[in-house]
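The values are calculated or read from the model by the stated rules, or taken from the named source; none is laboratory data. A quick note: this is a predicted structure, and the numbers were derived from the prediction, not measured. Note: ideal-geometry Cβ built from the backbone for every residue, glycine included; neighbour counts use all protein chains shown. Side chains included, ligands, DNA and RNA excluded: accessible areas come from the protein's heavy atoms. Shrake-Rupley method; radii C 1.70, N 1.55, O 1.52, S 1.80 Å.
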Amino acid sequence: MSWVNTAILSAAVLGAVNIVDSHLLSKRMPGLQAFLLPVGIIHLIYGVILLVLFPLPEGTGPLPIVITVVSGILRTGAVTIMLYSLQREEVSLVIPVVYTYPIFVAIIAAPLLGESLGYLGWLAITIVVAGAVIISARETSFSAATFRSKPLLLLLGSSLLFALADITSKYALSYISFWNMFSLSACCMSGTFLLLSMRPHTLKQLYNMKRRNSAMGLLVFNETLAPLGITLSFWALERGPVSLVSTIVGSRPMFVVIFALALSRIMPRFVDWRPGRLPLRLIATAMIVGGISIIHLI
């Protein structure tokens, strides 16, 4: 597959992961820490196994490894802030702000990585990001009261961290494989999640969960999909311009909406879904598809 198609597949897989994450956090898990603890353990297992199966290339210097670890820490910070915000803020505020990060990537990649975008590249990024914001926003998301609030700064910080994580990943992928990138990033994410969640009360919450086995089974399945989506994104980053890859992967809200709409018909209790403004969402979907089509032509 081309890096464009790989990035699209990554966005679709991660969109499905977001749907299941939302279900687990809102309906099954007793809290964020109880969610992070098993996720951290699973990612540690995957990270160690892949590091054994795909060791670092011989002669890899310390700088790429340090950059990879920094990238993993930045991405983990971005994800943690996003999950924290989703626990306290409207999803229609969180997602549109966080997924503006491809704009930051495009701006930063020029001086740091020497990437240059022509007119079509900037047009595609603008269209896709605008579509991703519109498709996941509601009328109340951008009120003056919301924008004066402190959470906005956290969300912009998460967006910037995602951008910096992609930039540093692109640099590191010049020296290591996408398997190495995932395994080291997974270990960084695992360490952070375990540090935040390894508490006696968290273990007690998990032990006393209702329908614990089914919830853990769904979580394990979801955290098998997540590494697949992340690895695909690193594969695309290794081969394509970071600005355009980030833009395509940043179209994830479109897939979230599509999957949520389908599940609302098939399994209405799985997600809390209020379609609202469906014509506008269709227009936003067309914008994202059009922007990605432009990237295909570049």
message = Just to be sure I understand: with springs between alpha-carbon atoms less than 10 Å apart, which residue in 242, 220, 79 has the highest mean-square fluctuation in the Gaussian network model of the chain?
response = 220
ask   = Is any residue of the range 97-115 close enough, with backbone N under 20 Å, to a label point placed 7 angstrom from the Cα of residue 152 along the Cα-Cβ axis, and if so, which?
value = 97-104
message = At R0 = 51 Å, how high is the FRET efficiency between residue 213 and residue 286 if r is their beta carbon distance? Nearest 0.05 is fine.
response = 0.75
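Stretch residue 203-residue 107 to full length: gain in nm at 0.36 nm per residue minus the Cα-Cα span? Before the final figure, lay out each step's value.
Details: separation 96, 0.36 × 96 = 34.56 nm, distance 4.32 nm.
Contour length minus Cα-Cα distance gives 30.2 nm.
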query = Of 16, 286, 236, which is the most mobile in a GNM of the chain whose springs link Cα atoms less than 10 angstrom apart?
reply = 286
task = Anything in the chain that counts as a DSSP H helix reaching 27 Å or more along its axis (C-alpha) with Kyte-Doolittle mean of at least 0.0? List them, would you?
result = 3-23, 32-53, 62-88, 151-172, 178-197, 212-239, 278-297
key: Set of the range 225-247 residues, backbone N closer than 18 Å to the point 7 Å along the Cα-Cβ line of residue 116   = 241-244
request  = Please find the FRET efficiency linking residue 194 to residue 293, where r is the Cβ-Cβ separation and R0 is fixed at 35 Å, and quote it to the nearest 0.05.
outcome  = 0.25
ask   = With charges only on Cβ, +1 for K and R and -1 for D and E, what is the dipole size of the chain about its Cα centre, in debye, rounded to 20?
value = 1100
note = Carbon and sulfur atoms account, in whole percent of the 1.4 Å probe accessible area of the chain, for 71
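Within the chain, what is the longest stretch that has no GluC sites (Glu not before Pro) placed in a DSSP loop and near at most 16 other beta-carbon atoms within 10 Å? If you can, show how the numbers build up before the last one.
Details: sites that count: 58, 90.
The longest such stretch corresponds to 91-298.
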key: Principal axes of the chain: Cα extent on each, largest first, Å   = 54, 52, 38
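Where only protein heavy atoms count, and the probe is 1.4 Å, what is the accessible area per residue for the chain in Å²?
Roughly 46 Å² per residue, with all protein chains present.
What does the helix-only formula give at 222 nm for the chain: each DSSP H stretch with n ≥ 4 adding -39500 (n - 2.57), the total divided by the residues, and the result rounded to the nearest 500 deg cm²/dmol?
Values: 14 runs with 233 residues, N = 298.
Taking each H run of at least 4 residues, the total per residue is -26000 deg cm²/dmol.
Once you have the Cα-Cα distance between residue 239 and residue 266, take 0.36 nm times their residue separation minus that, and quote the gain in nm to one decimal.
Numbers: separation 27, 0.36 × 27 = 9.72 nm, distance 3.74 nm.
Once the chain is fully extended between residue 239 and residue 266, it gains 6.0 nm.
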